[in-house]
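Working notes, structure below.
Coordinate-derived values only; no laboratory data. What you are looking at is a predicted structure, and each value in this text was computed from that prediction instead of being measured. With ideal geometry, Cβ positions are generated from the backbone for all residues, glycine too; neighbour counts draw on all protein chains shown.
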Amino acid sequence: MRLNQFLARAGLGSRRQADGWIRDGRVLVNGAPPRGMGASVTPGADQVTLDGVSVTLTEALHYLAYHKPRGLLVSRRSQGGRQTIFQALGDRARGLHAVGRLDLDSEGLLLLTNDGELSESLLHPRSAIQRRYKVWVRPGPDATAIRRLKEGTSIEGAHVAPARVSQESSCPRSGVLVIDLEEGKKREIRALARTAGLTVTRLLRTQFGPVELGTLRPGGLRPLARAEVAALRRGVFRRPLPGATLR
């Protein structure tokens, strides 16, 4: 088995993330750096560590919906003393990784899983998985601001635009928008808002593909229903869910 595939199947992240850990020298095989990016390992025979912690495969696949509160980092490592979601969740998220990110000041739905294959596919641009956000802005957006939002903006030299923009409420000082994205660039909604002359005061992700935040409270976790997991897989693999254990 390829080393990056092993790390992904262990639930630590996607194969692309694993490649980064290997390049950075954070992964050892039997106490030594692997021989190249295409190194292979034998589960149960080779000892693999990430940052000095032993990595083992888990047979059961787990899928959770998490309501990320504002002010937590979606990261394994704390930065500047800020708390991460994994520190906040403790054993409840052991062996799981986040599918994508929400920035420090954003909140709402985040998927947690140890299914590296699925998470990597969900995040690939060709999947075009819809993310829905409820966005509080100021001042209240007028017709010109809405048009500019729909036209999009440039991030790192690439043009980005929302799949859909609708206005939930508005007054001269503030407003609430619903914005759908099919490929979420880093801080994309905030960049779109700036282009339209708006300031985001609150950003809440309410949906990721077929999975909805619903009434899940900040900091809360719930297992995905089998139908939700099957719908996620259909969206990227066009094949049914294998015999996975849900929690």
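Estimated from helical segments only, the mean residue ellipticity of the chain at 222 nm is -6000 deg cm²/dmol, where each DSSP H run of four or more residues counts as -39500 (n - 2.57). Note that segment 40-56 has calculated 3J(HN,Hα) couplings of 10, 9, 10, x, x, 10, 8, 9, 10, 10, 10, 6, x, 9, 5, 10, 10 Hz, one per residue in order, obtained from phi through the Karplus relation 6.51 cos²θ - 1.76 cosθ + 1.60 (θ = phi - 60°); glycine and proline are x. The Cβ shell under 14 Å around Thr49 holds other residues with a net charge of -2, Lys and Arg each +1, Asp and Glu each -1. In the chain, a dipole from Cβ-located charges (positive for Lys and Arg, negative for Asp and Glu) runs towards its positive end, and of Ser40, Gly235, Ser106 it is Ser106 whose Cα lies farthest in that direction.
Database remark: amide H of Ile155 closer than 5 angstrom to the amide H of Val160 (H placed geometrically; neighbours at sequence offset of 5 or more, or on other chains; Pro and chain starts carry no H).
All Cα-Cα separations within segment 23-139 were binned at 5 Å from zero, giving a P(r) of 2, 9, 16, 17, 19, 17, 11, 6, 2, 1, 1, 0, 0, each value a whole percent of the pairs.
Computing FRET efficiency as 1/(1 + (r/R0)^6) for Lys150 and Arg234, where r is the C-beta to C-beta distance and R0 is 35 Å, gives about 0.75.
Just to be sure I follow: if Rg is taken over the C-alpha atoms of segment 118-208 and Rh is the Kirkwood radius over the same atoms, what is Rg/Rh? Answer for segment 118-208: 0.98.
Computed from point charges on the beta carbon alone (+1 for Lys and Arg, -1 for Asp and Glu), the dipole magnitude for segment 3-55 about its Cα centre is near 140 Debye. For Gly36, neighbours were defined as the other residues whose beta-carbon sits under 12 Å from its Cβ, and their charges (Lys and Arg +1, Asp and Glu -1) total +2. Remark: the chain carries a charge dipole of roughly 360 debye about the Cα centre, counting +1 on each Lys and Arg Cβ and -1 on each Asp and Glu Cβ.
Taking the Cα centre of the chain as the origin and placing charges on Cβ (Lys, Arg +1; Asp, Glu -1), which of Val176, Ser54, Gln83 is farthest toward the positive end of the dipole? Value: Val176.
The DSSP beta bridges internal to segment 8-104 are antiparallel in roughly 90% of cases. Summing Cβ point charges (Lys, Arg +1; Asp, Glu -1) relative to the Cα centre of segment 50-137 gives a dipole of roughly 380 debye. For a straight C-alpha distance cut-off of 24 angstrom, the lysines reachable from Lys68 (same-chain residues fewer than eight places away being disregarded) are Lys134, Lys185, Lys186.
Between Thr42 and His124, the modelled label-to-label distance comes to 3.1 nm, taking each label 7 Å out from Cα in the direction of the beta carbon. Distance between Cα centroids, segment 41-56 to segment 75-120: provide it in whole Å. Rounded to whole Å, the Cα centres lie 22 Å apart.
Computed from Cα atoms alone, the Kirkwood hydrodynamic radius reported for the chain is 19.4 Å.
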